[in-house]
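The structure appears below as structure tokens.
Nothing in this text is a laboratory measurement; each read-out follows from the coordinates by a stated rule. Keep in mind that what you see is a predicted model, and the values were worked out from it rather than measured. Ideal geometry is used to build each Cβ from the backbone, glycine not excepted, and the neighbour counts take in all protein chains shown.
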Amino acid sequence: MKSLPNFFYYFFIITIATVFSHCTNIKQLDEYYCILQSGEATQTSVVLLARLQKTDTLLNKDIKGINGFVKFRITRDINSKSYLESPFFSSIESNDFVVKYEFNGLRPGQKYYYKINYGPDTSNVTSSPWNSFKTLNLPGSDKNVCFIVANGLEFNAVSHEMKSNNLEVSALEANSGIPILKSISTLKPDFWIINQETQSSSLLVDSVISDPTNLTLQWHQLFSLYDLNLLLSGISSYWLIPISNPWQEISAKHLPVTLQSSVPQPFCRTYCINRDIQIWILGNSDFYDDDAEIKMLPWLKKTIKESDTPFKLIIGPSALYGNNSNEKTENSTASEQFLTRRDSLFNWLKNNGLRNNGLYFISSIKDVQYHAMDPSGFEEFSCGKLTLANFSNSLIPIDTTSRFETAKISLPFLQNDAKGAFLMVNSGRDEYNSPVLLFRYFDSNLKLLYAVHKF
């Protein structure tokens, strides 16, 4: 009986040691925060991105990064102990504390969950919440697909829009984000395509972009928005990164994208997202400049000819049609060279049986939404902007193909009210099992502004 106290003593010591050893592994590291995104999801792969930060809110208009270690984990069932994981990566200043990893070998048409383990070293880590995304369907899949095309992400959009309406802006609202992002989240799209170029003309900093530090600061500010991070936590993104942007490497660093060695033009890619629709995402800011003629256009024509989907969507950062403004920055049709190369592509498409045959253009740069129909037989949908900043509905029917006064584009829809809006595209089948494409424009209150079916 004398040994009994010793037994309880050792049992108590072992229990306390065990409890504290577990607490070390699950300790919340208050000085470490993170942002987490997925991008470029294919049928079998995805690019994941994380940035370690000292805080989750702006301090002096910036969010400083912090050194540490990151490991990615991905699974189809968060209740399962079966998952894929990456090695630990260092979060270091030379890469602005951003870490990326591409997972391969995933299953098509599946919802995946991912998170990171992160901390000051590999033995003292905490876990982020689970985020999610969907892999693309197999090319022969009959599953419906829904995606968003948007433009105009600006950090100060909330205060800018509310002040223009004489409304006060609280600190909470300013840190939350652009109101329209909440509306997009409720629609639960499969993925979204977003034009990054508006960063260069946004309201993020007082001065224009003149050095890498300013552009880096803008990305920090943009990804401090709660509503944006919430939207990105549930879908994969595809960012348009203009090739001519002098700081494209800095932009690409802060986004879940990778250079594709198989594509001759950086940031140009194509995805078949079901048996009815294939999309092309172009990375050229001028669409038909000298570099595009040499590299992008041959790739575009080759992949279009190889595609057998009923619908083909070419999504780019340029507009096919100009406007009546004296500002030439977004009016590419002011260039005779642009017109010549655009019309050359139109002729090639007509000669290959694609006139009025399921091929449509989507512009992600225009400040106004429109649906334009060219007399040559091609149609363009401009996604408009998420905010009313720089809103302009100055587009007019203009000479686009023959360049004579009798050749005018028609505008079945032109946005008149200055409001944030976006384009939503649905691919499905009708009661006769025929492919149907639905284009819809919504405003920030999810009011339907325009809709058209294509068969």
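Can you compute the modelled spin-label distance between Asn104 and Ser45, with each label point 7 Å from Cα toward Cβ, in nm?
A separation of 0.6 nm, rounded to one decimal place.
Between Leu449 and Thr303, what FRET efficiency follows from the Cβ-Cβ distance if R0 is 35 Å, with the result rounded to 0.05?
That pair, Leu449 with Thr303, gives E of 0.65.
Under a crude label model (7 Å from the Cα following the beta-carbon direction), how far is Ser123 from Glu336 in nanometres?
7.3
Cα-Cα over 21 Å: which of Lys64/Lys253; Lys111/Lys143; Lys134/Lys188; Lys81/Lys143?
Lys81/Lys143
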